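*Asks:* Below you'll find the structure I mean.
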Amino acid sequence: MDMHACRACRGSAGHLVLDLGEQPACDFFPRSDDPGPDPVYPLQMWLCSSCGLAQLLADPTVPEEPRGTEPAALVSQAADAVQRVAAAGWLPEGGVVAEYGSPHGGSWLDLLAARGQKPARRGGQADVIIDCFGMMHAADQREALAERAARIALGGVLLLQYHALSTILRCGLGSPRFLRHGGIGQQLGQAAR
Ligand SMILES: [Zn+2]
């Protein structure tokens, strides 16, 4: 096997910490009359020794993220998060905001507009860059972070929201589906650092 390079720091030192063997892709939805078997792919989590990022070792599948109804828990969490962000003083008066949302749906833009924030032009700079479960889907974490950082206006702020690996492990939320979830494993290690 070729040496794996970390999706964030490009380091090659790390360990295979979870091997679930060959599994179907989580976003593969065959027709009911499909005789099967479903195609399977290796599902392995690798933990970077340099930066602590847990990540998929390889993912040959191309995700087709199904958009669904945003869970009520996430809707209320967004309102709570925007309240906290405002209380912390991170929303400048009449600020410009850009959002990298989750491919599964949901947006903070309406909540931010109600607080006087204006949407950035497409690809343009912003005082506030919000990423709510978006970056975790990027195969290349380093590139994704650089793209967001490059758009921050002078004195601006980048707000990233992602799942904590420690919480997932503590609550037993892991599953093959969860690990395959785009780059979910990639994000997880960051919170555990
Ligand atoms: Zn790393």
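*Asks:* Once the piece of chain linking PHE29 and LEU169 is laid out straight, how much longer is it, given 0.36 nm per residue of separation minus the C-alpha distance between them?
*Replies:* Values: separation 140, 0.36 × 140 = 50.40 nm, distance 2.74 nm.
Extra length available between PHE29 and LEU169 comes to 47.7 nm.
*Asks:* Next up: Taking 7 Å along the Cα-to-C-beta vector as the label spot, tell me the ALA5-LEU154 distance in nanometres, rounded to one decimal.
*Replies:* If labels sit at ALA5 and LEU154, their model points lie 3.4 nm apart.
*Asks:* Amide H of LYS118 versus every other amide H placed in the peptide plane: which residues, excluding those fewer than 5 positions away on the same chain, fall under 5 Å?
*Replies:* So LYS118 has HN proximity to GLY95, VAL96, VAL97.
*Asks:* Using only protein heavy atoms and a 1.4 Å probe, report how much of CYS9 is accessible, in Å² to the nearest 10.
*Replies:* 50 Å²
*Asks:* On the first, second and third principal axes, largest extent first, how far apart are the outermost C-alpha atoms of segment 16-165 in Å?
*Replies:* For segment 16-165, the Cα spread along each principal axis is 57, 41, 26 Å.
*Asks:* Could you pull the Rg and Dmax for segment 1-59, using just the Cα atoms, both in Å?
*Replies:* 14.7, 47
*Asks:* Can you list which of the trypsin sites (Lys or Arg not before Pro) found in segment 1-50 are DSSP loop residues with at most 14 other C-beta atoms within 10 Å? Could you put the intermediate results ahead of the total?
*Replies:* Working: sites: ARG7, ARG10, ARG31; in loops: ARG7, ARG10, ARG31.
Here the sparse-neighbourhood loop sites are ARG10, ARG31.
*Asks:* Can you figure out the FRET efficiency of ARG121 with VAL40, using R₀ = 41 Å and their beta-carbon distance, to the nearest 0.05? The partial results should precede the final answer.
*Replies:* Numbers: r = 43 Å, r/R0 = 1.06.
Rounded to the nearest 0.05, the efficiency is 0.40.
The values are calculated or read from the model by the stated rules, or taken from the named source; none is laboratory data. All figures in this text were calculated on a predicted structure; none of them were measured in a lab. With ideal geometry, Cβ positions are generated from the backbone for all residues, glycine too; neighbour counts draw on all protein chains shown. For the accessible areas, the whole protein counts, side chains as well, though only heavy atoms, and no ligand, DNA or RNA atoms are used. Shrake-Rupley method; radii C 1.70, N 1.55, O 1.52, S 1.80 Å.
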